[in-house]
Amino acid sequence: MSAVAFEYGARAATDFLDAHQLSARTPFQTRGWWRAWIREAADAEGATPVLVHRTRTDRPTPVVGLQLHQDAGTAVLRPLSWPWADYHEVAEVGDATPTGPEPDIEGVAEAIDRCQHEFGARLELSNLIADGPLLRAVSELGAVPGPSETVVRLDLTDPDVVRRVSERRDMRRKRRRIERPGGTLRLTCADTSARVSARLPAFIDLHKQQWRDRPDAVAPFDGGVVDRTFAAVAAEPSSAARLHELWLDETLLAGWFGFRHDRTYYAYRAAYDLGHGRDSPGHLLVAAMVTELAAQGTDTFDLTRGAYAYKLELPSIRALTMAASLERPCRV
């Protein structure tokens, strides 16, 4: 027997995450990401965290992370850590494996339905993984999926893709030009929570310089909630955060804050030195990272959502995330 359970509010959700190991389908469902976001960002987003799950022991238990909002007096349930996360999906309690049992889609659907009725809330989901358990569950409830956003990925198992990214003629030319005065380019990677935390302030400073006074900056670092949330994510070992940096001797040219999770690198936020803009330090960083990640056995370089020109000029694969909604349930 099993029943639907709710962990409502930041304290209850954090206590649940502290007590359970989670298997995440993307880095945005790891215990570290959820815990950091709940602690630092939920209040600023006007969101009340809700973890919905079934109490059962005969198979891995899916956990749906949601957040409750009040929009003009209407209760709305959205994915936990929206709009910060690039992908939304269920997590599972325990050490689930790709070859393990099929996720309990019927149980996820029942849990979401119970949650909607509990709070009398409309459900608004975006950036769902196509054919993933969360999308399948809400489809069973009658939601009609539609496209959400374009995501862009590089297949690092294809040597031709790796070669085309790392050895493009324009990249070779820019690499030679930037090193011509006698400098040397080098790539570094902070790959533990302590190292990422130590290097994060320099990355934030680089990002601030790049986006200072620009009206199109999205969630800029300003010493507030964005800075605190990134620092909290970096400090969580289970978040799998990484910080790659490209240097010209001792000068930091570019950085990328992302995650390496289940043989995929997820590129989350980048920054580069505007003083070297004509040499495309961001492109040089991608080229160096692709070479190193492929050599380490990474299968995919996920450039995440947003079909920006710099992504589309790479030999990339485009895919769609999905959106789905369910109206507020009627009171009986």
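The values are calculated or read from the model by the stated rules, or taken from the named source; none is laboratory data. What you see is a predicted model; the values in this text were computed from it and never measured. Cβ placement follows ideal geometry from the backbone for every residue including glycine, while neighbour counts extend to all protein chains displayed. For the accessible areas, the whole protein counts, side chains as well, though only heavy atoms, and no ligand, DNA or RNA atoms are used. Shrake-Rupley method; radii C 1.70, N 1.55, O 1.52, S 1.80 Å.
Worth a mention:
- (i) 75, 40, 34; (ii) 61, 47, 34; (iii) 93, 59, 43, with the label sought being that of the calculated Cα extents along the principal axes in Å: (i)
- Here the Gaussian network model covers the chain, with springs between Cα atoms less than 10 Å apart; of E92, E110, E167, E167 fluctuates the most.
- Nearest-20 debye value, segment 215-290 charge dipole, Cβ charges on Lys, Arg, Asp, Glu: 300
- Computed FRET value (nearest 0.05) for E102 with D170, which takes r as the C-beta separation and R₀ as 41 Å: 0.30
- Per residue, in Å², the accessible surface of the chain once ligands and nucleic acids are set aside, probe 1.4 Å: 46
- Using only side-chain charges placed at the Cβ, +1 for Lys and Arg and -1 for Asp and Glu, the dipole size of segment 167-247 relative to its Cα centre rounds to 740 debye.
- Label-to-label distance, nm, for residues given as V225 and D205 (7 Å Cα→Cβ offset): 2.7
- Projecting the Cα atoms of A5, A295, G94 onto the dipole axis of the chain, where Lys and Arg carry +1 and Asp and Glu carry -1 at the beta carbon, places A295 farthest toward the positive end.
- Here's the picture: charge each Lys and Arg Cβ at +1 and each Asp and Glu Cβ at -1 in segment 118-193, and of L187, G142, L156 the one pushed furthest to the positive end of that dipole is L187.
- Degrees between helix 225-235 axis and first principal axis of the chain (Cα, 0 to 90, nearest 10): 90
- Spin-label model, E292 to R263: label points 7 Å out along the Cα-to-beta-carbon direction sit 2.2 nm apart.
- Computed from the alpha carbon positions, the gyration tensor of segment 1-84 leads to an equivalent ellipsoid with semi-axes of 22, 15, 11 Å, biggest first.
- Charge tally in the Cβ shell below 9 Å around T264, where Lys, Arg are +1 and Asp, Glu are -1, T264 excluded: 0
- The share of accessible area on the chain that comes from carbon and sulfur is 48 percent, using a 1.4 angstrom probe.
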